[in-house]
Amino acid sequence: MNDDPSLAGELPGQGLFLIQEATHVEAHERSEPLGVLFWTCVGWIVLNVLGAIFANALPLKSALFQDYNNINVGPGWHHLFGTDDLGRDIFSRVVFGSRVSVAVGVGAMIIGFGIGAPLGMLAAYKRGRFDSIFTTIMYVLLAFPAIIATIAVLSFWTPRALLKIIIVIGLASVPLVYRVIRTATLNVATKDYVIAAKVQGATDRRILIKELLPNIAPIGVSFLLIGIATVITLEGALAFLGLSVNPPTPSWGNMINESRTVLAQNPWLVIFPSAALCLFLLCLNFIGDRLRTHYDVTEVKL
Amino acid sequence: MSDELLVVKDLTTTFTTNSGPLTAVGGVSFTLGQNETLGIVGESGSGKTVLSRTIMGLQPRRNVTVTGSAIINGFEVVGASEKAKRQIWGTEVAMVFQDPMTSLNPVMRIGQQIDESLRVRLGMDRASAKARSIELLELVGIPSPVERYNSYPGHLSGGMRQRVVIATALACSPKLLMADEPTTGLDVTIQAQILNLLDELKDRLKMSVILVTHDLGVVATRTSRIVVMYAGRIVEIGDTRDVFYHHRMPYTRALLESSPKVSNHSHTRLQTIPGRPPNLMKLADGCSFAPRCAYATDQCHNVRPTLQAADETGHYFACWNPLPSNRGVRAP
Amino acid sequence: MSADRTPLLKVRDLTVTFGHHRHAISAVAGISFDIFEGETLGLVGESGCGKSTTGKALMRIVEPSGGTIELRGVEMTRLSGRALRNARTHMQMIFQDPISSLNPRRRVKDIVAEPLDCWKKTPGSERDALVSDLLSKVGIDPAVYGNRYARQFSGGQCQRISIARSLAMRPQLLICDEMVSALDVSVQAQILNLLEDLKAEYGLTLLFIAHDLAVVKNVSDRVAVMYLGKICEIGPADTLYDEPAHPYTEFLLGAALEADPDSPMHSQVLEGEPPSPMNPPSGCRFRTRCPNATDRCAEEVPLPQEVAPGHQVACHYPLTLTRRARLAE
């Protein structure tokens, strides 16, 4: 029944709501800045991505060249991060290793969002049978242990290549993306402005693009960033199990994996790739979270 | 003055926001006698809700500064610790909130919710608490209270839930009941029932009631005195009939004339107040209503008026250019 | 009242049922009424009486489960697809929650232009001029506020923008669903006056749905009172308020609070609460709370009967007749 004139939350004089109402206009006119920390994080991510893309063009030592005269050297001028047990330059390997992480993270999320987001939006907007069928399928998939499935598929689908890893992880993320986007859309789709657009004669496509998309985009973007971070962690875990790209191609995950045996002699070998991974994920998560609160127009900003 | 139940003096509530300090309640003073009903009327942003919460001592801990004093039956609320305030909540003062759904715990039987405060506050045992709860449910007019004792809030209608909220508030027999928009969102026929109930309970239990509302109709016949608030300050205070018929502050008149009346013919043109309520962040030095007032002069824009006495006892208004007194002319 | 008595909208036996089988709730249980061109029909009732559902069913935001809706002779219930989208533009709706009615992430002038953009019939320059004109009509300066986002406005301003948007397609019928109930008294008066002005200027026909009796009377030419999915009384605003014929209407008016300490206190308060629409009483739906109810009320569904010109009531014992009989004695 949509007949309830209960005015909860809309009428004058409820607690601190009225304070927000009074400062409503001003708060948004001078939207508060995102902060130095936010931009530092963005800078770090950009630097990493650029490094990954242009690794070949950078004046770096080869990531594969084995210098047996300099095995397990500590950080220094000649080898910025030192060398590993085969005399390879760790700095170069960390930079080249980021390629795998960034490619897997971005690639898998493109697949996940490409399939999950449109389906989630459509399901929440259309409701009815379309919604029930897809939601049921997605929940069945979610109930299936994704990590184990990924491990199983990757150990079976040889030889392992970056593209295969991206496809497998990407498909595994579809139900998660679907669920988040569907919930976000459901919140918006019941708003009066969507009904208003409908009665003005807007087509479904127009409503999806003009009314729904801009309102779920902030949630989508922040989930995308956090999703990339999660996928990178997953790749690290797979690499640790020896299921990611084949050595000697470096990735942050397999560098950490290889360092296990020489941890006592050369702790740098685990510290640098771990630090790179950790910082990258931290920045992504922070940016995602900050963006969500910044663009959430409904959140009380007192 | 020992016969005053509540003495509020120069009460000011200031919130610290990202864009600077915001004075939601600015220097409010009034008193409330025993067994009296006081109405606090104002539009959104007038500070009436913040005022009632400040008197209760219910403001959030961070970003709020409260100065002045609010004494409930000898207890100073301003500056009191959470622990000390807990001693007066329920026994001296209790509150009925607007939304009965959010003030009741949806997963707890209504009987238990009333029992709880009886057992914790009054140290009753399980059996006598239950007996008293059923008594309270009967008092607030809930049919078949014994069965209802075991219901969940979700199974009751809005009006019934508000009755339960009132029963919960009355559990420890408070001397002051603060009702913040108790009937907003309820249907007219249910609203009449609840207001009658509050009236009846006030006399039966010898307590005082503060009715906070935006609806002049609610306070017109149910209160003995009214406070009219605008932009966090009292602009007029007095006996209900004086405020309705002999108001001196232009804002009070504008508020009265802009509400549609059932007794008017259809298509009666409504009087409106131009502009919008002021932004509390940018209050001018003068009268806050001056920018919307037809009688405003330079003095109004520059100097804030203080409350001054009208002809009637206990009737005060804050205005430099008040409407002429119509004593003896008696509005139609 | 309008001299032109051609019905713009003809509603016959409209029913709306939610849920299925045993859990079915008939929110609107067969109502019929006309809205004449140029008039305002007020629809008043308590929560759950089906007044908002009626409004939404007329726009086909909720699907009617039976009955006919005829707008200028065009049967609305059979349309679908593009024809339905087109027909909807002849009727527009303004919602209760001003904030939720506007997309917070769009600019004001785009919101107002949305209906025009949907149909792409208006060229760019004309579109901008029309939007500016509409915004000034509702008291929003297009030059200052046109480029702001909807989230930057207060409730009253949002409702003004909603009105501007609804007028863009020059609708014949405007359905106002509790449009002022979330606003402050002083803002409410501004919006009601604005609505009256625009009605005169654009020659609008209005269906004004609200729970506030005073507000409904203020804007309406005729008023219909709903109780539990049925219309119990319909008639000219002034007569209906002065001489209610249905006992429910009388109780409703008695419960309305006047902002006047000297207004007569109605000692008679309607007891109890409306029964569940899942299991409505037999015969007259109000009989369980009606002091005048007899056995006949439980057996026979009261049909609308005329007690005065244009004043119909669905009650076996209309108050006007008893009142008149008492006067005649």
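Looking at the structure I just gave you, is residue B:168 in a loop (DSSP other than H, G, I, E, B), touching a residue at least 12 places away in the same chain (Cβ under 8 Å) and not hydrophobic (A, V, I, L, M, F, W, C)?
no
Within the range A:251-265, track down each residue that is polar (S, T, N, Q) and touching a helix residue (DSSP H, G or I) at 6+ places or on another chain (Cβ under 9 Å).
Scanning the range A:251-265 gives A:251, A:254, A:257, A:259.
Among the residues of the range B:115-129, are any assigned to a helix (DSSP H, G or I), in contact with a Gly (Cβ under 6 Å, 6 or more places away or on another chain) and of a type in the set (D, E, K, R)?
yes
Looking only at the range C:178-216, how many residues end up being under 20 Å from residue C:158 (Cα atoms) and at the interface with another protein chain (Cβ under 9 Å from one of its Cβ atoms)?
16
Which of the residues belonging to the range B:38-56 are more than 10 Å from chain A (Cβ to nearest Cβ) and touching a Phe, Trp or Tyr at 6+ places or on another chain (Cβ under 8 Å)?
B:38, B:56
Based on this model, can you work out whether residue A:226 counts as within 14 Å of chain C (Cβ to nearest Cβ) and assigned to a helix (DSSP H, G or I)? Spell out how you get there, then give the answer.
Details: within 14 Å of chain C (Cβ to nearest Cβ): no; assigned to a helix (DSSP H, G or I): yes.
Considered against the rule, which asks whether it is within 14 Å of chain C (Cβ to nearest Cβ) and assigned to a helix (DSSP H, G or I), residue A:226 comes out as no.
Taking the range C:70-96 as the search range and keeping residues that are of a type outside the set (Ser, Thr, Tyr) and away from every other protein chain (no Cβ under 14 Å), which one is surrounded by the most Cβ atoms within 10 Å (Cβ to Cβ)?
Restricting to residues being of a type outside the set (Ser, Thr, Tyr) and away from every other protein chain (no Cβ under 14 Å), the top hit is C:70.
Do we have residue B:295 as aromatic (Phe, Trp, Tyr), within 17 Å of the chain's Cα centre (by Cα) and more than 8 Å from chain C (Cβ to nearest Cβ) here?
no
Can you find a residue that is more than 25 Å from residue C:114 (Cβ to Cβ), within 25 Å of the chain's Cα centre (by Cα) and part of a helix (DSSP H, G or I) anywhere in the range A:214-222?
Yes: one or more hits.
Quick one: which residue in B:232, B:141 is on the phi > 0 side of the Ramachandran plot and buried (at least 24 other Cβ atoms within 10 Å of the Cβ)?
Details: B:141 fails: buried (at least 24 other Cβ atoms within 10 Å of the Cβ).
Testing whether each residue is on the phi > 0 side of the Ramachandran plot and buried (at least 24 other Cβ atoms within 10 Å of the Cβ) leaves just B:232.
I need the full set of residues from the range C:33-69 which are free of Cβ contacts under 8 Å to residues at least 60 places away in the same chain and surrounded by fewer than 22 Cβ atoms within 10 Å (Cβ to Cβ), in order please.
C:34, C:60, C:61, C:62, C:63, C:65, C:66, C:67, C:68
Tell me whether the range C:194-209 contains one or more residues that are touching a residue at least 60 places away in the same chain (Cβ under 8 Å) and on the phi > 0 side of the Ramachandran plot.
yes
From C:262, C:238, which residue is charged (D, E, K, R), surrounded by fewer than 22 Cβ atoms within 10 Å (Cβ to Cβ) and modelled with pLDDT of 90 or more?
None of the other options fit; the residue is C:238.
Using the structure shown, decide if residue A:240 is free of Cβ contacts under 8 Å to residues at least 40 places away in the same chain, touching a helix residue (DSSP H, G or I) at 6+ places or on another chain (Cβ under 6 Å) and of a type outside the set (Asp, Glu).
Against the criterion (free of Cβ contacts under 8 Å to residues at least 40 places away in the same chain, touching a helix residue (DSSP H, G or I) at 6+ places or on another chain (Cβ under 6 Å) and of a type outside the set (Asp, Glu)), residue A:240 qualifies.
For the range C:272-289, name all the residues that are modelled with pLDDT under 85 and out of contact with any Lys or Arg (no Cβ under 7 Å at 6 or more places or on another chain).
C:273, C:274, C:275, C:276, C:277, C:278, C:279 - these are the residues of the range C:272-289 that are modelled with pLDDT under 85 and out of contact with any Lys or Arg (no Cβ under 7 Å at 6 or more places or on another chain).
In the range C:118-130, which residue that is within 11 Å of chain A (Cβ to nearest Cβ) and within 28 Å of the chain's Cα centre (by Cα) is surrounded by the most Cβ atoms within 10 Å (Cβ to Cβ)?
My answer is C:118.
For the range C:215-299, which fully contained helices (runs of 4 or more DSSP H) count at least 3 residues that are closer than 26 Å to residue C:35 by Cα? Show your work before the answer.
Numbers: elements: C:237-242, C:247-255, C:295-299.
Hits in the range C:215-299: C:237-242, C:247-255.
What tally of residues in the range B:84-107 results from selecting those that are crowded, with 21+ Cβ neighbours inside 10 Å and among the hydroxyl-bearing types (Ser, Thr, Tyr)?
Summing the residues that are crowded, with 21+ Cβ neighbours inside 10 Å and among the hydroxyl-bearing types (Ser, Thr, Tyr) in the range B:84-107 gives 0.
Does at least one position in the range B:103-114 carry a residue that is under 21 Å from the mean Cα position of the chain (by Cα) and at negative phi?
Yes, the range B:103-114 contains at least one residue that is under 21 Å from the mean Cα position of the chain (by Cα) and at negative phi.
Just wondering, is there one or more residues in the range A:278-286 that are within 14 Å of another protein chain (Cβ to nearest Cβ) and surrounded by fewer than 19 Cβ atoms within 10 Å (Cβ to Cβ)?
no
In the range C:131-153, what residues are assigned to a loop (DSSP other than H, G, I, E, B) and buried (at least 17 other Cβ atoms within 10 Å of the Cβ)?
Of everything in the range C:131-153, those that are assigned to a loop (DSSP other than H, G, I, E, B) and buried (at least 17 other Cβ atoms within 10 Å of the Cβ) turn out to be C:138, C:140, C:146, C:148, C:153.
Given the conditions (1) within 14 Å of chain C (Cβ to nearest Cβ); (2) more than 20 Å from residue A:170 (Cα to Cα), report the number of the one that residue A:249 does not fulfil.
(1)
Conditions tested, residue by residue: (1) touching a strand residue (DSSP E or B) at 6+ places or on another chain (Cβ under 7 Å); (2) in contact (Cβ under 8 Å) with a residue 60 or more places away in the chain; (3) of a type in the set (Gly, Ala, Ser).
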residue: B:74; (1), (2), (3): no, no, yes
residue: B:81; (1), (2), (3): no, no, yes
residue: B:91; (1), (2), (3): no, yes, no
residue: B:95; (1), (2), (3): yes, yes, no
residue: B:107; (1), (2), (3): no, no, no
residue: B:125; (1), (2), (3): no, no, no
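Under 7 Å between Cβ atoms, at least 6 apart or on separate chains: pull out the pairs that start in the range A:185-208 with a residue that is touching a residue at least 60 places away in the same chain (Cβ under 8 Å) and end on any residue that is of a type in the set (Val, Ile, Thr).
A:185/A:216; A:207/A:194
Of all residues being assigned to a loop (DSSP other than H, G, I, E, B) and aliphatic (A, V, I, L, M) in the range B:171-204, which is farthest from the other protein chains (Cβ to nearest Cβ)? Just the residue, please.
B:171
Across the range C:154-177, what is the total count of residues that are more than 9 Å from chain B (Cβ to nearest Cβ) and not in a loop (DSSP other than H, G, I, E, B)?
15
Which pairs have Cβ atoms under 8 Å, sit 6 or more apart or on different chains, and link a residue in the range C:294-306 that is of a type in the set (Ser, Thr, Tyr) to one that is surrounded by 13 or more Cβ atoms within 10 Å (Cβ to Cβ)?
From the range C:294-306, the pairs are C:294/C:316; C:294/C:317.
The values are calculated or read from the model by the stated rules, or taken from the named source; none is laboratory data. Just so it is clear, the structure is predicted and the values come from calculations on it, not from any experiment. Note that we place each Cβ from the backbone using ideal geometry, even for glycine, and neighbour counts take in every protein chain shown.
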